[in-house]
Amino acid sequence: MNAQPFTSESYSGDAGEAAWQDVLRGFGLQSQGARHGSPAHASALSRLSSTGVRLGKFSADAQSLRPLPSRSGLPLLLMPVENSTVLVVDGDRQIVPAGQIILAPRAGDWQLQFQRGLRAVVLSVPAEAFRGRKVPPLPAAPPRVFEAQGLPDIMGRTALATAEALDRLSEAEWEAVAQSAAELLLALSGELVAATSDPSSSRAALLQRLYATIERSMGGEDLSITDIAQAEGISERYVQKLFEGTGESFSHYLRERRLQRAWHDLANPAEAAVPIAEVAYRCGFADAAHFSRLFRERFGLPPRELRRREADRQAHSAVASGQRGWPQQALVQLRAGQGAGGPARRPALREGGEASAPVAEAQTPARHYLPVHAQHVHWGYFSRSLEPLIEIASGDIVTIETLTQHASDDPERMIEGDPGAESVFHWTPTAKTVNRRGAGPLDASVFGRGAGEGFGVHICTGPIAVQGAQPGDVLQVHILDIEPRRSRHPAHAGRVFGSSVAAWWGYHYSELLSEPHPRECVTIYEIITNADEPYAEALHSYRWEPQTDPSGVQHVLYDYPGVLVRPGTVTLQANVLEGVRIPLRPHFGVVAVAPREAELVDSVPPAYFGGNLDNWRLGKGATVYLPVSVPGALLSVGDPHAAQGDGELSGTAIECSMTGTFRVTLHKKADIGSTVLADLTYPLIETPDDWILTGFSHPNYLAEFGASSQSEVYAKSSLDLAMRDAFRKMRRFLMTTKALSEDEAVALMSVAVDFGITQVVDGNWGVHAILSKRLFAQHRRSESARDI
Amino acid sequence: MTKHHLPATPDTVHWGYFSKTLAPVLTLKSGERAVIESITHHANDDYARMIEGDRAAEEIFLWTKDQKTMRRRGAGTTDGPFTYGSGEGMGVHLLTGPVAVEGAEPGDIIEVRVIDTWPRPSANPAYAGRFFGSNPAANWGFQYKDLIEGPTPREVVTIYELDMGEAVVRALYSYLWTPQTDPDGITHPTIDYPGVRVDHSMVVKKEGILPGIKVPARLHFGTMGLAPAEADFVSTIPPNYTGGNMDDWRIAKGARMYYPVAVSGGLFSCGDAHASQGDSELSGTAIEISLTGEFEFILHKKEQLEGTLLEGLTHPLLENDEVWSVYGFSVANYLAELGPDHQSEILKRGSLDSAMRDAFRKLRRFLMTTQNLSEDEAISLMSVAADFAVTQVVDANWGVTGSIRKSIFPAR
């Protein structure tokens, strides 16, 4: 389970209070009023392990915490940080300074009063956390405060350090730390027992030591009651008697613990490669067949079956928690030589004849038309190895039809009756016209989602080769026009539709407020083009339900593009966003030249070569300049959007098929030295009024992370990094093209350049910097660069 | 309509802090207007152009061996010996106020409408009637540890002139900050205490900078807000839930700001005026200038908020003709969240990532509460129609604005 952030800021009024009590309930606590001042505030970061261990750090207004009787387990650990707290037991008050820890029973009459604001770390360990291992019954001790020294100090520091790193620990790291924290708390709880002097608790303490000895020694095949007795310096008979008191024999307990440990090791993904016989041996079973039989009797399934189920569960939960791009592990295997298959081989150039060649060589500029169909697209990836569909000359005008990959969200409105769309989306049990979707393995060996695994999702039309383009040149792509693609379905003919998915890769996904969560929600929009100010309005929405694709793979999440949502599998909700009109901002999310670093590149993270820029300013009348990095440049366009906000928060815009007309101009490296394109190493957008520079968390993530780039970029994105990149790019642009000193550039950036958030959902997050051309209307400095 | 006038004088300004302990210098009724003068705390970057001849400015900035009109500058200690000076420069803005609104109580909202703003002319006969501002690229700027030209690190002050006819600002000259010793004998190697007069015989002026470049004017007050409840003296630098140093150039003529009231009377102060600023305020300051503003104050009582735009509002909200904007911060209420050392702890917390998170949550709540959208509707709308922008990355508690256009809701 991922770390769960909570803040009352997300809620209105009393809903915040109720949600806060929910958070506390998870720890077996409740808050008692005494909240004054405005606004009431509470925030927490907490995380739950697979064994039920829950750790959290709270920060809230002054209030009191009391136990809420809950399931059995170790005493709760509470540690005030920064401020002291007052422990009240039966009317007695004790001040507990910050840094000391309190062990308090899960029920009883006690409370903690945080008078100067609640700041605390809380650890809850339920009985199940020990997977069947015996935890001796603890006497109902009152809350106890431990000075910060020795074991309590280690416990406290561990809890605090972990609480502060909760959102940075990987799943495996968190599980390991949670289990260690549980062990520490168990050991500390033992001190509660030792501290009381009645004979039953000294027996419990001895039994606890016996259990611990068994845990350490159970790997030895011939571990006997004699060994255990010797280790503790007591008689065999006494050991037997102690166990009889628990209602279970020594040998039965030992076998149970060995089987439990085997279960645990077999279910551990990190040990998936260890042979079952070896797991059995290390748990004290010399005979693998005997072990298998005992295991099946105990758990009702053979060890091999457990392993398979756990592997499935792991793969699934990895997806559910937002695994995008290549998993690190899979990339390692890929490098080890299991090829991923190259880009799709398509029929030779111009087969089918639709792509029109220049009308006449002499005519300038030549016009080209590139219709969309299965042979004209590459889906979810860029590749330097793709065969170009056409070759054009610098200055030519090319009209390119593009399809949104979200047309499958409403096939009736966005695909049916449209031969181009039908050709691209065609997918039956026996035929799938565009097989590869994404830069992943063709055999879907990582997740089993489908060919290419959806590591990259955009339907790109192209690539187009530009005559004479060489690495170091700059390609200018100017958008002359954008036309929406109209529905061809008889019931909707002539109308325009789009889809927006609040998807699992969205910024909101980890912290949805309302039930059920997590969830994905698709909203279908109609684009109204015949109004004075064209707009989009929502038609209906539906919650994503598991969809089974024609190849038989079930998609519980929106994890593979182009899965046709079948009528009847989802429940449409009408009256969505009633009366809301969204002004259009038609643009292309993806404009790319092929990157040089890798054979197959995921289409999702944008970078120096352009790609999934998702900047709505790249619409009609705008230009993007892209640094060429392979011969011919290999231009592709896709991911058309009818409207998008800065941020693209939910993961998608209003995704809507459109046709664009572009003028494509090549600027040779030798000619750009004294122009605004000098030194261009990133996508530069120009509109009639502004220059827009594109900053990314990782400007060239392919080069920066090398072989693991297509996994790392998803893990390491941040707006802070993207802001840093945008600042550096703008400084360089002003110094290089406007001949400003660094001081002038910095001064100008502070008072006249606007930084905005492009997107926080495309792996490589974006911050753009907007420079108004108006500033320079009368700027004279001889070294300034020429305009293009 | 009653229109009050609040000039900037030593008795009507406070420097570097908000405080619930300050007695109001003006108390007005909901619906009334006030014309409030402000003087920029950077005026001493060029004494001749921005202070000399202006009696009020001269008095406020007066600081000799024997006399310092405004002793306390900042929320820090006022007991010496000092590292930087009284108040320790923990907060730098010279604010006019506080103004109390009759009947305002915690839980209410005060709306402040910016009716108009105009610059304060130079009173020096040599520059009479002209308008000047200063823009230091300071040690707290985003560039400071990331400079590529020498010497590093450095602070550079650029002096600008505002042309109201063309509504543009042009750079006049710049100089490198050199250590300045104040009248109490403390040397300031960097810009670490406000109002230290820069000795122009010690700096080298660079002329001809940013030649021909015209920065469009965006007159606004960088700091406007109410007194917080959590502490007696609060630095003016980090913006927070009661407003303060928002540094958003959209809080300009025509804007309506809504602030949650934390203490009786609200206690509104303003200052830190800017002739222009970009989104991010990258170098640490805008074009800092003295402005006078006319404001209208409207009190919205707690009981009347339900069903309005202000229901559930726990943070500053901007409304103008085009948009509503919510303000996300790295830490939404750093005074409440960061514990006893909040004023120093917040200096380590500046991050756009946490500010974006906060802006997202605030805009979601705003859309769900005031536009009655479901969570799914709010999220879809935010993705396709809301714009998130960087407000500032230099005020300790960094800001991201989430804006939604009002025209999106024509039928409402």
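So, in region A:84-121, exactly how many residues are open to solvent by 10 Å² or more (accessible area, probe 1.4 Å) and within 14 Å of chain B (Cβ to nearest Cβ)?
7
Conditions first: (1) more than 7 Å from chain A (Cβ to nearest Cβ); (2) under 29 Å from B:TRP118 (Cβ atoms); (3) hydrophobic (A, V, I, L, M, F, W, C); (4) within 19 Å of the chain's Cα centre (by Cα). B:LEU335 passes all but one, so which condition is the exception?
The failed condition is (2).
Taking A:LEU693 and the conditions (1) surrounded by 23 or more Cβ atoms within 10 Å (Cβ to Cβ); (2) at the interface with another protein chain (Cβ under 9 Å from one of its Cβ atoms), which numbered condition does it fall short on, given that it satisfies the others?
(2)
In the set A:ARG617, A:ARG663, which member is assigned to a strand (DSSP E or B), open to solvent by 10 Å² or more (accessible area, probe 1.4 Å), touching a residue at least 12 places away in the same chain (Cβ under 8 Å) and assigned by the TED database to the domain that holds A:PRO388?
A:ARG663
If B:GLU88 satisfies all but one of (1) more than 14 Å from chain A (Cβ to nearest Cβ); (2) in a strand (DSSP E or B); (3) farther than 30 Å from B:GLU303 by Cβ, what's the number of the condition it fails?
Evaluating B:GLU88 over (1) more than 14 Å from chain A (Cβ to nearest Cβ); (2) in a strand (DSSP E or B); (3) farther than 30 Å from B:GLU303 by Cβ leaves (2) as the failure.
Determine the pairs where a residue that is without any contact (Cβ under 8 Å) to a residue 60 or more places away in the chain, located within region A:475-500, has a partner that is polar (S, T, N, Q) with Cβ atoms under 8 Å apart, the partner being 6 or more residues away or on another chain.
Pairs that qualify, where the first residue is without any contact (Cβ under 8 Å) to a residue 60 or more places away in the chain and the partner is polar (S, T, N, Q), are A:GLY494/A:SER487.
Quick one: is B:ILE110 of a type in the set (Val, Ile, Thr) and closer than 27 Å to B:ILE191 by Cα?
It is false that B:ILE110 is of a type in the set (Val, Ile, Thr) and closer than 27 Å to B:ILE191 by Cα.
Check whether at least one residue in region A:105-122 is closer than 30 Å to A:ILE214 by Cβ, out of contact with any Gly (no Cβ under 6 Å at 6 or more places or on another chain) and without any contact (Cβ under 8 Å) to a residue 40 or more places away in the chain, and report yes or no.
Within region A:105-122 (the criterion being closer than 30 Å to A:ILE214 by Cβ, out of contact with any Gly (no Cβ under 6 Å at 6 or more places or on another chain) and without any contact (Cβ under 8 Å) to a residue 40 or more places away in the chain), the answer is yes, since at least one residue qualifies.
Kindly check whether there is at least one residue in region A:698-715 that is within 12 Å of chain B (Cβ to nearest Cβ), in a helix (DSSP H, G or I) and either more than 19 Å from the chain's Cα centre (by Cα) or among the polar types (S, T, N, Q) (or both).
Looking for residues that are within 12 Å of chain B (Cβ to nearest Cβ), in a helix (DSSP H, G or I) and either more than 19 Å from the chain's Cα centre (by Cα) or among the polar types (S, T, N, Q) (or both), one finds none in region A:698-715, hence no.
Can you name the condition, by its number, that B:GLY225 falls short on among (1) touching a Cys at 6+ places or on another chain (Cβ under 9 Å); (2) within 12 Å of chain A (Cβ to nearest Cβ)?
Every listed condition holds for B:GLY225 apart from (2).
Does region A:397-414 hold any residues that are open to solvent by 10 Å² or more (accessible area, probe 1.4 Å) and in a loop (DSSP other than H, G, I, E, B), and which are they?
Correct list: A:ASP410 only.
Determine if region B:127-139 includes at least one residue that is in a loop (DSSP other than H, G, I, E, B), within 11 Å of another protein chain (Cβ to nearest Cβ) and touching a strand residue (DSSP E or B) at 6+ places or on another chain (Cβ under 9 Å).
yes
Taking region A:525-557, which residues are within 30 Å of A:ALA431 (Cβ to Cβ) and either small (Gly, Ala, Ser) or in contact with a His (Cβ under 6 Å, 6 or more places away or on another chain) (or both)?
A:GLN547, A:SER551, A:GLY552
Return the pairs, sorted by first residue and then second, in which the second residue is hydroxyl-bearing (Ser, Thr, Tyr), the first residue lies in region B:173-188 and is within 14 Å of chain A (Cβ to nearest Cβ), the beta carbons are less than 7 Å apart, and the residues are 6+ apart or on different chains.
B:SER174/B:THR158; B:TRP177/B:THR190
Would you confirm whether any residue within region A:731-741 is within 7 Å of another protein chain (Cβ to nearest Cβ), modelled with pLDDT of 90 or more, buried (at least 17 other Cβ atoms within 10 Å of the Cβ) and not in a loop (DSSP other than H, G, I, E, B)?
Checked against the condition, which is being within 7 Å of another protein chain (Cβ to nearest Cβ), modelled with pLDDT of 90 or more, buried (at least 17 other Cβ atoms within 10 Å of the Cβ) and not in a loop (DSSP other than H, G, I, E, B), region A:731-741 yields no hits at all.
For (1) of a type in the set (Gly, Ala, Ser); (2) within 29 Å of B:LYS29 (Cβ to Cβ); (3) open to solvent by 50 Å² or more (accessible area, probe 1.4 Å), each residue gets a yes or a no:
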position	(1), (2), (3)
B:GLY89	yes, no, no
B:LEU94	no, yes, no
B:ASP108	no, yes, no
B:ARG113	no, yes, yes
B:THR117	no, yes, no
B:TRP140	no, no, yes
B:ILE148	no, no, yes
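Being within 14 Å of chain A (Cβ to nearest Cβ) and part of a loop (DSSP other than H, G, I, E, B) narrows it down to one of B:ALA273, B:ALA286, B:ALA252, so name that one.
B:ALA286
Out of the residues in region A:759-781 that are under 30 Å from B:VAL384 (Cβ atoms) and open to solvent by 10 Å² or more (accessible area, probe 1.4 Å), which is farthest from the other protein chains (Cβ to nearest Cβ)?
Top of the filtered list is A:LYS773.
Please verify whether region B:66-75 includes one or more residues that are crowded, with 22+ Cβ neighbours inside 10 Å, more than 14 Å from every other protein chain (Cβ to nearest Cβ) and either within 29 Å of A:VAL746 (Cα to Cα) or more than 22 Å from the chain's Cα centre (by Cα) (or both).
Yes, some residue in region B:66-75 is crowded, with 22+ Cβ neighbours inside 10 Å, more than 14 Å from every other protein chain (Cβ to nearest Cβ) and either within 29 Å of A:VAL746 (Cα to Cα) or more than 22 Å from the chain's Cα centre (by Cα) (or both).
Starting from region B:146-165, take each residue that is basic (Lys, Arg) and list its partners that are in a strand (DSSP E or B), counting only C-beta distances under 8 angstrom and pairs at least six apart or across chains.
Final answer for the pair search is B:ARG154/B:LEU176.
Which count do you get for residues in region B:395-412 that are small (Gly, Ala, Ser) and open to solvent by 30 Å² or more (accessible area, probe 1.4 Å)?
Number of matching residues: 2.
Consider B:SER383 carefully, then state whether it is small (Gly, Ala, Ser), more than 8 Å from chain A (Cβ to nearest Cβ), out of contact with any helix residue (DSSP H, G or I) (no Cβ under 7 Å at 6 or more places or on another chain) and surrounded by 24 or more Cβ atoms within 10 Å (Cβ to Cβ).
So B:SER383 does not fit the description; no.
Restricting to region A:343-384, and then to whatever is hydroxyl-bearing (Ser, Thr, Tyr) and modelled with pLDDT of 95 or more, can you tell me which residue is nearest to the chain's Cα centre (by Cα)?
Ranking the qualifying residues of region A:343-384, first place goes to A:TYR381.
If the Cβ limit is 6 Å and pairs must be 6+ apart or interchain, which residue in region A:770-786 that is in contact (Cβ under 8 Å) with a residue 60 or more places away in the chain pairs with which residue that is in a strand (DSSP E or B)?
Between residues of region A:770-786 that are in contact (Cβ under 8 Å) with a residue 60 or more places away in the chain and residues that are in a strand (DSSP E or B), the close pairs are A:ILE770/A:ASP690; A:ILE770/A:ILE692; A:ILE770/A:ASP754; A:LEU771/A:TRP691; A:LEU771/A:VAL753; A:SER772/A:ASP690; A:ALA785/A:THR675; A:ARG786/A:THR675.
Would you point out which residue out of B:GLN343, B:GLN392, B:GLN371 is crowded, with 20+ Cβ neighbours inside 10 Å and within 10 Å of another protein chain (Cβ to nearest Cβ)?
Result of the check over B:GLN343, B:GLN392, B:GLN371: B:GLN392.
Limited to region A:556-580, what total is found for residues that are touching a strand residue (DSSP E or B) at 6+ places or on another chain (Cβ under 7 Å), farther than 18 Å from A:MET414 by Cβ and surrounded by fewer than 20 Cβ atoms within 10 Å (Cβ to Cβ)?
3
Given the residues A:GLY472, A:GLY498, A:GLY462, A:GLY420, which is the only one that is of a type outside the set (A, V, I, L, M), more than 32 Å from the chain's Cα centre (by Cα) and under 18 Å from A:SER657 (Cα atoms)?
Matching residue, one of A:GLY472, A:GLY498, A:GLY462, A:GLY420: A:GLY420.
The values are calculated or read from the model by the stated rules, or taken from the named source; none is laboratory data. Small disclaimer: the values here were computed from a predicted structure and weren't measured. Cβ: placed from backbone, ideal geometry, glycine included. Neighbour counts: every protein chain shown. Protein only, heavy atoms only, side chains kept; ligands, DNA and RNA dropped before computing areas. Shrake-Rupley method; radii C 1.70, N 1.55, O 1.52, S 1.80 Å.
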